[in-house]
Amino acid sequence: YDYDAVLTEAGDFTPKYEKYREVIGKYTLLPQVKFSTDIRKKDYGTLKVQEKVSLFRVLADLSAPVKNPFPMPMEKLDQSYGYILYRTSLQREQNLEKIRLWGANDRANIFVDEKPVVTLYDRQLLTEAQVKVDFESGAVMDILMENMGRVNFGPRMESQRKGIEGCVQLNGHMHYNWEMYTLPLDNLDALDFSRGYEEGTPGFYRFTFEAEETGDTFLDFAGWGKGCAFLNGFNLGRFWEIGPQKRLYIPAPLLKKGTNEIILFETDGKTVPEISLRAEPDVG
């Protein structure tokens, strides 16, 4: 992978590679190698959003809820990656001023009646968050948790349960009775884009483009918040506005001649009407 490697993610030579050749060439004869594949990069231009739908509208199409008094982590629900949504009814609360998630990993988007309340990430999940939300009795609270990866060394290896392993405290006391929707997002063919869309909520966005010939290209997600991208059902990876990565590499074999489909899942309600497919990787 291209963390200061001699080849880029797309397989291109780097100045570092040329320096390696220069140094090694002083001590041995370097063979001439003819490459069997002509790698071409293509610019497919700008793609406009064609369809969009909110996660809350298609939740039941993507997952069947599991009910439990306490929230359960992904691993106890036979899920290894992706997202998980915790849903509950606020029957006894009159307002929401404090919230804390115990044993939560790695990022939480919290909603009341489908309105964003707060996003907690990393060390923020270790403390109590101060919020101010008024609602009618019976309001629905949703907590969308994202699995952002697992460490494979060090003392935290035994603390890698994803989602919520402990409990949720609201205004200082534990809250019970949850529905959990596992969202590995491996069944996006079940999406029904006619079900409705609300600004500022997690959602799915569909794009298509025609390819007369296939080539390596790079998905530019400028203006989008945080989420992941799928091409023809293949998970390309995550995107996040904070960087440092600004474009996702798409190798030519993932494309097909004719119509191709890209679906973005965005969690923070930060979107623009388009994406683009460029012939160059990250710029700047």
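The values are calculated or read from the model by the stated rules, or taken from the named source; none is laboratory data. Every value quoted in this text rests on a predicted model; they were computed, and no experiment measured them. Cβ placement follows ideal geometry from the backbone for every residue including glycine, while neighbour counts extend to all protein chains displayed. Ligands, DNA and RNA are excluded from the accessible area calculation, which covers all protein heavy atoms including side chains. Shrake-Rupley method; radii C 1.70, N 1.55, O 1.52, S 1.80 Å.
Quick notes on this one:
- Complete set of residues in segment 87-112 that are aromatic (Phe, Trp, Tyr) and closer than 12 Å to His175 by Cα: Trp102
- Once segment 190-224 is narrowed to residues that are acidic (Asp, Glu) and touching a strand residue (DSSP E or B) at 6+ places or on another chain (Cβ under 8 Å), the residue that is surrounded by the fewest Cβ atoms within 10 Å (Cβ to Cβ) is Glu210.
- Residue in segment 60-76 that is in a loop (DSSP other than H, G, I, E, B), modelled with pLDDT of 95 or more, in contact with a Lys or Arg (Cβ under 9 Å, 6 or more places away or on another chain) and surrounded by 12 or more Cβ atoms within 10 Å (Cβ to Cβ) present: yes
- Looking across segment 253-277, the residues that are open to solvent by 20 Å² or more (accessible area, probe 1.4 Å) and not basic (Lys, Arg) come down to Pro253, Leu254, Gly258, Thr259, Glu261, Asp268, Gly269, Thr271, Val272, Pro273, Glu274.
- Filtered residue count, segment 1-51, keeping only those that are in a loop (DSSP other than H, G, I, E, B), open to solvent by 80 Å² or more (accessible area, probe 1.4 Å) and hydrophobic (A, V, I, L, M, F, W, C): 4
- Of residues in segment 116-134 being open to solvent by 70 Å² or more (accessible area, probe 1.4 Å) and of a type in the set (S, T, N, Q), the one farthest from Gly203 (Cα to Cα): Thr127
- Among (1) out of contact with any Lys or Arg (no Cβ under 8 Å at 6 or more places or on another chain); (2) under 25 Å from Leu59 (Cα atoms); (3) of a type in the set (Phe, Trp, Tyr); (4) surrounded by fewer than 20 Cβ atoms within 10 Å (Cβ to Cβ) - the single one Tyr249 does not satisfy: (2)
- Scanning segment 124-145 for residues that are more than 19 Å from Arg57 (Cα to Cα) and in a strand (DSSP E or B) yields a total of 6.
- Any hit, segment 229-245, residues being modelled with pLDDT under 95, within 15 Å of the chain's Cα centre (by Cα), of a type in the set (A, V, I, L, M, F, W, C) and within 23 Å of Leu144 (Cα to Cα): yes
- Of all residues in segment 99-116, those satisfying the criterion of being modelled with pLDDT of 95 or more and not hydrophobic (A, V, I, L, M, F, W, C) are Arg100, Arg107, Asn109, Asp113, Glu114, Lys115, Pro116.
- Residue count for segment 143-177, restricted to those that are open to solvent by 100 Å² or more (accessible area, probe 1.4 Å) and on the phi > 0 side of the Ramachandran plot: 1
- Only one of Leu96, Leu183 that is closer than 22 Å to Lys270 by Cα, surrounded by 16 or more Cβ atoms within 10 Å (Cβ to Cβ) and of a type outside the set (Phe, Trp, Tyr): Leu183
- Of the listed requirements (1) assigned to a loop (DSSP other than H, G, I, E, B); (2) out of contact with any strand residue (DSSP E or B) (no Cβ under 8 Å at 6 or more places or on another chain), Met157 misses just one: (1).
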